[in-house]
Structures are given as structure tokens and as C-alpha cells.
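Shown next, in C-alpha cells, is the structure this report addresses.
The values are calculated or read from the model by the stated rules, or taken from the named source; none is laboratory data. Just so it is clear, the model here is predicted, and its values are computed rather than measured. When we count neighbours, we look across all protein chains shown, and the Cβ atoms used for this are built from the backbone with ideal geometry, even at glycine.
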Amino acid sequence: MKYVSLDSVEPGQYLGKTIFAGSGAVLLAEGVQLTVYMINTLRRIGVSMLYIQEPLFEDAVYEDPVSEENKRLVMHRLGDAMEAIRSGKDFSTRAVGVSIDKLLEDISQNTEVLLQLSDIRTHDNAQFVHALNVATISALMGVNMGYNQVQLKELTIGALLHDIGKVESITDDESSDPKVHHTWRGFDLLKSKREFSLLIAHAAFQHHERPDGLGIPRGLTDDQIHPYAKIVKVANTYDNLLYQDTAVRMLPHEACERMLAMAGTELDHEALVQFMRIISIYPTGISVRLSSKEVGVVVGQHRGLPGRPIVRIVRQEFDGEVDTKEVDLAKHTTLFVESVLQ
């Protein structure tokens, strides 16, 4: 599997990873042979990068901590909740809770997997994939921090619904009055759900607060911010740097460097330490240039050494034969990733 720009994809190649619609339904399934029409449609709906199957890298498969089935379930339940809110109805807290139970079951069996945000975004699914990513990152961080099952479920539901206040925010000017900021709306909505712990509401309420007291909506300082919100803040920041903030959209290693510079001011230091332990800085399938000037594709990871992946280098020989070699940067300590290619 290889992660490539849509502009470099040719008809006849095979999709390497399923693309979801906003509701969690399958838009294009892994393994489908791409046509000119499909490629043009993907471009029209906002896809810029995707995974393709590549014979030389067929074993370079990312071990996702959450199954596609349970991703679809979580996105579907989130969509149901959002639609109910738009219609002025109650949403099913039980359905959301069950979907999070499924997500946590998957994560509990894959705690050693380094996370990479591999689901392809479209204009339609962006808010759903964002919420799913924030929930998944938060859950993995919570596991690393030794949270029990009750705490993990509270944290993960709060992370999934951290932006639920935006559903009611179609044209409001959030800067004019703190009380109309989406964190207030989300808090008011979630605290009314008796089936949910109040801590779930606080995860949504405080996820824009900062340790230095310059956050919103209340300007809380470090010890006033609940640990759940500190975790969700880190997860939300990372996904935004990669996908949401079009002005500064970054690659994973660039986002991690930016976030390390935020430690103690915008982001909680301990939460950031836990985040760096679970994230893949150079995702499997991405093309990189090494300090040796050789170009290859990341095919493996080392937990605890996110900046030292395994890279496969492919050379075309003069006689037409293909020569491949693998460079394990955990063993070749004088080499490093010089740049990521797209």
C-alpha cells in the first residue's frame, strides 16, 4: 500500500483503503479498480491524497487500531445524533455509548499500534472523520495514562462529541459573545443528558482552554482544566493541523514539532508526552527521502521510536530488474528522514 497524491493516480490502479461517506457508508471499497470517472469524482468531492495498492509494497499495511466496521458504526451514530439535534429532537445516548464500547474493544486489543490518521477525507465526511480521529487519539492516550473502563468511556464519548455544539451553530458569530461559543452550546446540550456523566460535558466545554489561561470560553488555567479536556485539546489540535486548518495544513512530523513548541502554554505537557507515545510521525505508505538521498516508502514502525521507521528503497536496474532493500532507521542510527515526498 502506498500513500500518493490523487494527481499521480492512473486509471486501472486499485484503491488501497476504503473511503467512507459522511454517514459511515462505504463510498469506495478497498480493492476497487479506479476509473477516470472515479478519479475525477474523488477530486470533485475534495480528495487530494489516497492509498493505492502497489505490488512492491503490498505488505506495507497499516494496522489500524479500530476496524472499518466499528468506524462505520461510530460515524453512523454520530450522524444520527447530529440529525436529531438539527431537528430539535433528543438523540440516543445509548446508541452513542454502544458504538464507543465497540471502538474501545478494538483499541484494547491494539494498544501497541502506532496511530496514523489514515481515513481519506471528503467534503462530506470531514466533520465525521475529525470527530472519529479525536475520539480514537483520546482513547489511546487514556489507555496509556492508565484510565479504567469508566474513565475511558467518558473520555472517548466527550472526545467524539467535543464539537457537538457546532451543530446548532450555522450562522452565529462565535466571537461576539462567549455564551454562544460552540463549547457553551455543547456543554449545555450534554449536561442535560442524564445518562451521561457531567465529565463528558466538561470535555466538550473545556477543549479550547489553555494551560496559560489564554483559552476560551472561560480563560481557565492549568489546574482548573479537567484532564479529559486536556487530552481532547491535544487530539483536536493534531487533527486540525493535519486537515482542518487550511492555512497551516501540515504533515504529521511537522504537526508534532509545532505541538511540542506549544507545551505548557497551549497544550498540557503530560498529555502531549502521552500523545507522542502513540502517534506515527512517518505513516506507513508515505514516500520519504533519507539523508543518504535515497528515496523510499515507509513499510514498518517501531513503537517508542516514531521517528525511526523502516523504509523500503526500490531501484530499477539497467537490465530491467528491480532491486529492493530495506533500511531500518532504528539500526542505521546515522541515517534519518530528510523530507517527506508527496
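Observations, loosely collected:
- Test result for Gly12, in a loop (DSSP other than H, G, I, E, B) and farther than 28 Å from Met250 by Cβ: yes
- Residue match in the range 119-142 (condition: within 17 Å of Val273 (Cα to Cα), assigned by TED's automatic domain parsing to the domain that holds Glu270 and more than 14 Å from the chain's Cα centre (by Cα)): yes
- Restricted to the range 158-190, and to residues there that are of a type in the set (Val, Ile, Thr) and over 21 Å from the mean Cα position of the chain (by Cα), the residue that is modelled with the highest pLDDT is Val180.
- Any hit, the range 274-284, residues being β-branched (Val, Ile, Thr) and surrounded by fewer than 16 Cβ atoms within 10 Å (Cβ to Cβ): no
- The listed residue being farther than 30 Å from Gln151 by Cα and not in a helix (DSSP H, G or I), out of Val61, Val66: Val61
- Scan of the range 205-223 for residues that are assigned to a helix (DSSP H, G or I), touching a residue at least 24 places away in the same chain (Cβ under 8 Å) and surrounded by fewer than 20 Cβ atoms within 10 Å (Cβ to Cβ), ordered by number: Asp222
- Screening the candidates Val47, Val129, Val74, Val96 for the property of being buried (at least 19 other Cβ atoms within 10 Å of the Cβ) and more than 26 Å from Pro283 (Cα to Cα) yields one hit, Val96.
For every residue, the table says whether it meets (1) closer than 15 Å to Asn125 by Cβ; (2) surrounded by fewer than 19 Cβ atoms within 10 Å (Cβ to Cβ); (3) free of Cβ contacts under 8 Å to residues at least 60 places away in the same chain; (4) of a type in the set (A, V, I, L, M).
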| residue | (1), (2), (3), (4) |
| --- | --- |
| Lys2 | no, no, no, no |
| Pro11 | no, yes, yes, no |
| Leu15 | no, no, yes, yes |
| Gly22 | yes, no, no, no |
| Ala25 | yes, yes, yes, yes |
| Val32 | no, yes, yes, yes |
| Tyr51 | no, no, no, no |
| Glu58 | no, yes, yes, no |
| Val61 | no, yes, no, yes |
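- Matching residues, the range 283-299, being outside any loop (DSSP other than H, G, I, E, B) and either over 19 Å from the mean Cα position of the chain (by Cα) or farther than 29 Å from Asp119 by Cα (or both): Ser287, Val288, Arg289, Leu290, Val295, Gly296, Val297, Val299
- Taking the criterion of being within 18 Å of the chain's Cα centre (by Cα) and more than 22 Å from Val340 (Cα to Cα), the residues of the range 1-45 that qualify are Thr18, Ile19, Phe20, Ala21, Gly22, Ser23, Gly24.
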